[in-house]
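Readers should treat all values here as calculations from the given coordinates under stated rules, not as data from a laboratory. Just so you know, these numbers come straight off a predicted model, no measurement behind them. Don't worry about glycine lacking a Cβ; one is built from the backbone with ideal geometry, like all the others, and counts go over all protein chains shown.
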Amino acid sequence: MKFVLALIAVFVVAAIIRKIVRHKTLTPLLPRQYNFGKRRDTLREVLRLLEERSAKVLVETGVARMGLEKSKGDGASTIVFGQWSRQNDAHLYSVDIDPEAIAKAGEAVAAMGLGENVTLVTSDSVDYLEEFTDSVDFLYLDSYDYHKTDTAIQQASQLHHLKEIEAIEGCLHDGTVILIDDCDLPNGGKGKLVIERLSAKDWKVHMSQYQVILLRDAG
Ligand SMILES: C[S@@+](CC[C@H](N)C(=O)[O-])C[C@H]1O[C@@H](n2cnc3c(N)ncnc32)[C@H](O)[C@@H]1O
């Protein structure tokens with residue numbers, strides 16, 4: 001009996017430790033309860049780079065439809081970069097083609113008090129980026145949804161992200177930080193064509209996990 005109880009205790013402790021280790025937070029930027037999972041380490045590195053480079057103009061494609069609610073599943077990017085912008089006197093421009101996604105993100109942005117540091121735009125991202133004129137310090141690409149098995153959707157998503165980078169390339173500078181989501185997926189994920197294009201120029205992969213960070217300098 002004692003042996004069984006000891007075994008149960010070991011399993012319970014192991015489960016608790018496993019849960020703690022897998023709970024990846026972005027404290028102190030956001031409360032401990034939010035788990036950023038497979039994106040946490042790349043997000044943390046991006047935030048470090050943005051601080052080091054005194055980033056002021058942040059641009060993302062694909063809003064956080066669920067605010068912080070889907071921090072683990074989707075990344076909660078608009079809240080992460082909006083909160084960072086508020087704390088660092090910067091501004092986040094976030095574009096999404098879906099008015100409902102923009103409306104929901106708007107509610108989350110307002111609830112967090114980020115309204116002054118976040119501009120939400122309803123538009124096709126390529127159209128929006130083509131018209132963008134400011135120098136971009138940080139670019140996050142996470143729009144057209146990828147699919148794990150449908151190769152037609154995979155190619156359409158990769159092509160769309162390639163068009164995004166082509167549209168905004170003239171606004172990037174030597175210190176720009178680029179982050180691409182959903183890369184560690186079958187057939188190269190959202191970033192495949194973007195990374196190929198940028199690597200053929202003078203960009204280098206700085207960190208490659210589920211998300212990929214690219215820098216132009218040695219970084
Ligand atoms: C994966 S979600 C973005 C997740 C978000 N970055 C987060 O962290 O929660 C992808 C978003 O891209 C948007 N999208 C799809 N095609 C688009 C396009 N052509 N232009 C702009 N946004 C697009 C979708 O409406 C969706 O809201």
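Could you list, in sequence order, the residues of the range 106-130 that are touching a strand residue (DSSP E or B) at 6+ places or on another chain (Cβ under 6 Å) and either surrounded by 20 or more Cβ atoms within 10 Å (Cβ to Cβ) or not hydrophobic (A, V, I, L, M, F, W, C) (or both)?
Scanning the range 106-130 gives G106, V109, N117, V118, T119, S123, S125, Y128.
Condition first: within 15 Å of the chain's Cα centre (by Cα) and either among the hydrophobic types (A, V, I, L, M, F, W, C) or more than 10 Å from the ligand (Cβ to nearest atom) (or both). Now tell me which residues in the range 119-149 satisfy that.
D137, F138, L139, L141
So which residues in the range 150-196 are surrounded by fewer than 20 Cβ atoms within 10 Å (Cβ to Cβ) and among the acidic types (D, E), if there are any at all?
Matches in the range 150-196: D150, E166, E169, D174, D184, E196.
Just one of (1) outside any loop (DSSP other than H, G, I, E, B); (2) touching a helix residue (DSSP H, G or I) at 6+ places or on another chain (Cβ under 6 Å); (3) farther than 25 Å from I165 by Cβ trips up E100, so point out which.
If we test E100 against (1) outside any loop (DSSP other than H, G, I, E, B); (2) touching a helix residue (DSSP H, G or I) at 6+ places or on another chain (Cβ under 6 Å); (3) farther than 25 Å from I165 by Cβ, just (2) comes out false.
Quick check on the range 93-118: of everything there that is out of contact with any Gly (no Cβ under 9 Å at 6 or more places or on another chain) and among the small types (G, A, S), which residue is nearest to the ligand (Cβ to nearest atom)?
The residue in question is A103.
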